[in-house]
1. Based on DSSP H runs of at least 4 residues, each adding -39500 (n - 2.57), what is the mean residue ellipticity at 222 nm of chain A after dividing by all its residues, to the nearest 500 deg cm²/dmol?
2. Note the angle between two axes, namely the Cα long axis of helix B:244-265 and the longest principal axis of the Cα atoms of chain B, as a number of degrees from 0 to 90, rounded to the nearest 10.
3. Rounded to the nearest 10 degrees, what's the angle between the helix B:64-85 long axis and the longest principal axis of chain B, both from Cα atoms, 0 to 90?
4. Considering the options A:189, A:153, B:110, tell which one lies farthest towards the positive end of the dipole of the protein assembly as shown, charges being +1 on Lys and Arg and -1 on Asp and Glu at the Cβ, about the Cα centre.
5. Per residue and in Å³, how big is the convex hull formed by the alpha-carbon atoms of segment A:157-264?
6. Please compute, over every Cα-Cα pair in segment A:2-258, the percentage with a separation greater than 30 angstrom.
7. Below 8 Å, C-alpha to C-alpha, sequence gap of six or more: please give me the relative contact order for chain A in percent.
8. In percent, how large is the relative contact order of segment A:150-247, given Cα pairs closer than 8 Å and 6 or more residues apart?
Amino acid sequence: MKTFWLLVRAGFRRHSTYRLALLAGMTTNSVFGFIRASILLAALASAGTAIGGYDAPTTIAFVWWGQALLGTVNLWGFAEVKDRVRTGDIAVDFLRPVNPQMAYLAGDLGRAGINLVGRGLPALLLGALLFDMAWPPSAVSWASGAVSVLLAVVVAFAGNFVINLLAFWLVEIRGITLLWMITGGLLCGLYLPVPWFPDWLRTIANWSPFPSMLQNPIDILAGRVVGVDIVSAVGVQVFWAASLLVLGQVVLRAGRRRLEVQGG
Amino acid sequence: MAEVTLSQRLRPYRVLLASRARAQMQYRASFVTDILGTVGVGLAEFAEVWVIFHNVDVLGGLDFTAALLVFALSNLAFSLADMFVGHLDQLPRYIRAGQVDAFYVRPLPLLAQLMTSDLSLRRVGRLSVALVALTVALTTADITWSAETVALIVLSVVSGTAIFSALFTAAGGLQFFLVDGAEFTNAFTYGGSYAAQQSQQVFPDPLRIFWTFVVPTAFVAYIPAVAILDIEDPLAPTWLAWLTPLAALLAWGIAAACWRLGTRHYQGAGG
C-alpha cells in the first residue's frame with residue numbers, strides 16, 4: 001500500500017513538471033467550454049424548457065465539469081503500456097515486485113490528481129465566474145461526487161489498460177484504440193449529456209462502461225442525480241471499475257504466458 | 001541562366017507528395033483501418049449535430065438542413081486543410097527531437113518541406129462523410145440554383161480550406177515559442193473548427209466578433225450557408241459571403257507573420 005501511494009505521488013510530480021502544458025490544456029478546455037456552453041444554451045432556449053432533466057444552470061455545470069474532468073479522466077487513452085509490450089520492455093515490469101496493473105494505475109491516479117488541480121479546477125472556476133452555474137446541492141453531492149470522479153479515473157484507466165494489452169496479440173492496435181476513442185467520446189457524455197440521446201442510443205450507452213467515465217460524476221456534481229439515485233450511479237461505476245480491473249488481470253496473465261523476449 | 005518554368009520548379013514537390021502517398025498505401029490493412037477511423041470521427045461529429053436536433057427543431061436560427069449545410073461546408077474545408085497541412089501539428093515533436101535542423105539544410109523552403117512531409121490520405125474518410133452531408137444538404141434544402149450559388153459554394157470551400165490551413169500554419173509558427181505548451185494552439189485550430197460548425201447565432205456577441213474578425217472561422221461555413229439558403233440574419237448579410245477570400249487572405253497574413261516570427265526565433269538544436 002505504501003508503494004502504491006509513493007507511485008501515485010511520483011505520477012503527480014512527473015506530470016506537474018510541465019506547467020506550461022497544464023496552462024495550455026486549461027486554455028483549450030476553456031475555449032471548448034465557451035463554445036459548447038453557447039450551443040447547449042441555444043438548444044435549451046429553442047426547446048423552451050429543460051431537456052432530459054437539464055435546465056440552464058445544470059447544463060452549464062454539465063459543460064464545465066465535463067471540460068474540467070476531461071484532462072483528469074484519461075478518456076483518450078495512453079500508449080505507454082502498448083509501446084512497452086511492443087518493445088519488450090514490459091518484461092522489466094513483470095520482474096518488479098509490484099503488479100504492473102497496480103503500478104500503472106497508481107501513476108495514472110497521480111496524473112489525474114495534478115490535472116484536476118492544475119488544469120481542471122481553474123477551467124471550472126472560469127466557467128463558474130462567467131456563467132450562472134449550478135453547484136453540487138449538498139455536502140453529500142460533493143462527497144459522493146469526489147468518490148465518483150475517483151472511480152471514473154479508475155474505470156477509464158482499467159478500460160484503456162485492457163486495450164493496451166491487446167498489443168500482446170496484435171501487431172498494431174491503432175485501429176482498436178481509435179474505435180475505443182470514438183465510441184467512448186460519443187457515449188461517455190462529453191459532447192452532449194447522455195439523457196439527451198434518442199432511446200436506442202441511450203440504451204447502448206447505458207450498457208457500456210463509458211458513462212461511468214464522465215456522465216455519472218457530472219450528473220452527481222451538477223445535481224441532476226440526487227438522493228438514492230446517487231447510490232445506483234456510483235454502484236454502476238464500482239461494478240465497471242471492478243470488472244475491468246479483473247479483466248485486465250486476466251488478460252495480463254494470458255499475455256505474460258505468450259510473451260517472448262529475445263536477447264540477454 | 002536558363003529559364004526555369006513553374007512546372008520544373010514544382011517538380012520536387014510533386015515527387016515528394018507522390019512518394020508520401022505511395023508509402024501510405026504499402027500497409028494496406030493499416031491504411032484501411034485509418035480511413036475507417038477518420039470516417040468514425042466524421043460520423044461522431046455528425047452525431048453531435050443530429051442528437052441536438054433530436055431534441056429541438058431549430059438551433060441558432062437554423063433548421064436541420066441548414067445546420068447540415070454548415071456542418072458539411074466546415075468539415076469539408078477542415079478535412080482538406082487537415083490533409084494538406086494538418087501534420088504541422090507534429091512540429092513540436094520535430095523541434096524537441098532536433099529534427100528541424102535537417103529541414104533547414106535542404107534546398108527547399110522550410111514551410112514547403114514541412115507541408116509536403118506528409119499527405120495524410122487517411123483523412124479522405126472524414127472528407128467523404130462531409131461530401132455525403134453536403135450532397136444531402138444541397139439536395140434537400142430549398143435553394144434557388146444559379147451560377148452564383150455554384151460559384152459561392154466553390155469559393156467558400158476553397159477559402160475555408162485556406163482559412164483552416166492558415167490557422168494550422170500560424171499554430172506551427174507559434175510552436176517555436178511554445179514547445180511544451182503545444183496544446184495552446186489547439187484552442188484556435190480544433191476549437192476554431194468546432195466553432196465553424198455551429199450557427200454563429202448561438203454565440204454571445206463578444207464570441208461572435210472573435211470568431212468573425214480575430215479567428216475568422218465564421219467565414220468558413222456559416223456566412224456562406226446563410227447566403228446560399230437566403231436566411232435572414234442582420235449580422236451576416238448575403239454580400240458578406242463574397243468576402244470569404246478576403247478573410248482567408250487576412251488569415252494568411254497573420255499566419256505568415258507567425259511563421260516568420262517563429263522561424264526567426266528558432267536557434268537550432270545545437271551540436
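1. On the way: 12 runs with 188 residues, N = 264.
Taking each H run of at least 4 residues, the total per residue is -23500 deg cm²/dmol.
2. The helix B:244-265 is inclined about 30 degrees to chain B.
3. Once rounded, the angle reads 10 degrees.
4. About the Cα centre, the residue reaching furthest to the positive side is B:110.
5. Roughly 121 Å³ of hull volume per residue.
6. 28 percent
7. Working: 321 pairs, mean separation 72.8, N = 264.
Result for chain A is 28 percent.
8. With pairs under 8 Å counted, the relative contact order is 41 percent.
Rule-based calculations on the coordinates, nothing more; no lab input. Here the structure is a predicted model, which means the values were calculated and not measured. FYI the Cβ positions are ideal-geometry reconstructions off the backbone, even for glycines, and counts take in every protein chain you see.
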